[in-house]
Amino acid sequence: MADENGYVDGDGYSGEAVAAGYDASSAEMFAPRVVGPAVEFLAGLAGDGGRALELGVGTGRIALPLAGRGVRVHGVDLSRAMVERLRAKPGGAAVPVTIGDFATTRVPGAFDLAYPVFNTIMNLTSQDAQVDCFRTAAAHLDPGGCFVVEVGVPELRRLPPGQEAVPFQVDGRRLGFDVYDVATQSVSSHHVEVADGRGACRAIPFRYVWPAELDLMARLAGMRLRERWSDWERSAFTGESRQHVSVWEKTGMW
């Protein structure tokens with residue numbers, strides 16, 4: 001039975017079957033040219049010896065190199081299977097992780113930085129859960145601390161009238177497409193894979209969210225927008241940007 005976020009078991013949608021192949025299936029996102037700029041950006045915000053809270057830490061793609069920069073990283077993740085992969089990696093056992101829903105889970109202490117990256121905010125499939133995530137992040141931050149979100153801009157311009165599906169991967173073995181419901185801002189990502197003549201399909205629900213909507217969530221949580229970029233290299237955010245890296249700062253009044 002699914003819960004309010006659509007999770008179907010204790011590990012959400014990232015159980016053992018997904019965790020076992022996650023790093024390989026997302027190999028491009030683990031490349032130094034992708035990870036390096038993100039870690040540089042986040043380390044600059046956390047400061048030397050600063051404390052950072054990663055919401056949706058997964059297998060440690062960002063947490064491990066960030067910890068290697070001297071930032072004290074604490075992770076939160078629902079999936080024990082993903083966290084087991086993190087802990088098996090060099091340095092992984094030194095990164096503390098709390099198992100739980102990152103929208104509401106609290107951990108001890110105050111932080112200079114909190115962040116979910118790689119569209120993780122969309123794993124929360126209701127607006128209420130996304131608002132809760134901002135409030136939870138703000139509750140962990142010291143005044144002046146920053147909350148960073150990396151997420152795609154909804155690609156509704158790719159939907160002609162009457163169409164609701166958009167492909168994102170088509171090759172000899174895999175087919176991936178997103179199905180949008182613009183009335184509810186929900187989207188489900190469908191992954192079809194053929195191996196040894198046999199097909200497998202899985203679908204994962206998300207909730208897409210607009211930059212201005214995120215800004216309002218931040219205001220409700222006592223944070224204000226500090227900067228917004230198209231990528232970790234601080235390219236200008238424009239109407240043509242397909243993703244954004246946004247930084248909100250916790251004000252001193254909350």
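The values are calculated or read from the model by the stated rules, or taken from the named source; none is laboratory data. Worth saying up front: this structure is predicted, and the values here are computed from it rather than measured. All Cβ positions, glycine included, derive from the backbone under ideal geometry; neighbour counts span all protein chains shown. Just the protein is used for accessible areas: all its heavy atoms, side chains included, with ligands, DNA and RNA removed. Shrake-Rupley method; radii C 1.70, N 1.55, O 1.52, S 1.80 Å.
Worth pointing out:
- Counted by Cβ distance under 10 Å from residue 115, the other residues give a net charge of -2, where Lys and Arg count +1 and Asp and Glu count -1.
- Distance-filtered residues of segment 168-192 - backbone nitrogen under 12 Å, label point 7 angstrom along residue 210 Cα→Cβ: 185
- Rg over Rh [alpha-carbon atoms, Kirkwood Rh] for segment 118-254: 1.05
- Listed residues 186, 26, 235, most fluctuating in the chain (Gaussian network, C-alpha, under 10 Å): 26
- Loop-resident trypsin sites (Lys or Arg not before Pro) (DSSP state other than H, G, I, E or B) in segment 221-254 with no more than 13 further Cβ atoms inside 10 Å of their Cβ: 234, 242.
- Segment 1-143, accessible area per residue, ligands and nucleic acids excluded (1.4 Å, Å²): 43 Å²
- Here the calculated FRET efficiency for residue 166 and residue 84, from their Cβ-Cβ distance with R0 = 22 Å, stands at 0.10, rounded to the nearest 0.05.
- In the chain, helices alone account for a calculated mean residue ellipticity at 222 nm of -7500 deg cm²/dmol, with every DSSP H run of four or more residues adding -39,500 (n - 2.57).
- Computed from the Cβ-Cβ distance with R0 of 22 Å, the FRET efficiency linking residue 219 to residue 142 stands at 0.70.
- With every protein chain in place, segment 41-103: carbon and sulfur % of accessible area (1.4 Å): 52 percent
- Considering only 59, 98, 238, the Gaussian network model of the chain with Cα springs below 10 Å gives its largest mean-square fluctuation to 238.
- Carbon and sulfur %, accessible surface of segment 126-212 computed with the full protein complex present, 1.4 Å: 54 percent
- Considering only beta bridges that DSSP places wholly inside the chain, some 75 percent are antiparallel.
- For P(r) over Cα pairs in 5 Å bins from 0, in percent, the value calculated from this model appears in (i) 1, 6, 12, 15, 15, 12, 10, 8, 7, 6, 4, 3, 1, 0, 0; (ii) 1, 5, 9, 11, 12, 10, 7, 6, 5, 4, 4, 4, 4, 3, 3, 2, 2, 2, 2, 1, 1, 1, 0, 0, 0, 0; (iii) 1, 6, 13, 17, 20, 19, 13, 7, 3, 1, 0, 0, 0 under label (iii).
- Centroid-to-centroid separation of segment 25-102 and segment 212-254 [C-alpha atoms, Å]: 21 Å
- GluC sites (Glu not before Pro), loop per DSSP, at most 15 other Cβ atoms within 10 Å - longest free stretch of the chain: 5-154
- Nitroxide proxy distance, nm - points 7 Å out along Cα→Cβ at residue 94 and residue 126: 4.0 nm
- Screening the chain for whole DSSP H helices with an alpha carbon extent of at least 15 angstrom along the helix axis and a mean Kyte-Doolittle hydropathy of at least -1.0 yields 32-46, 127-140.
- For the chain, built as a Gaussian network whose Cα springs stay under 10 Å, the top-fluctuating residue of 101, 181, 77: 181
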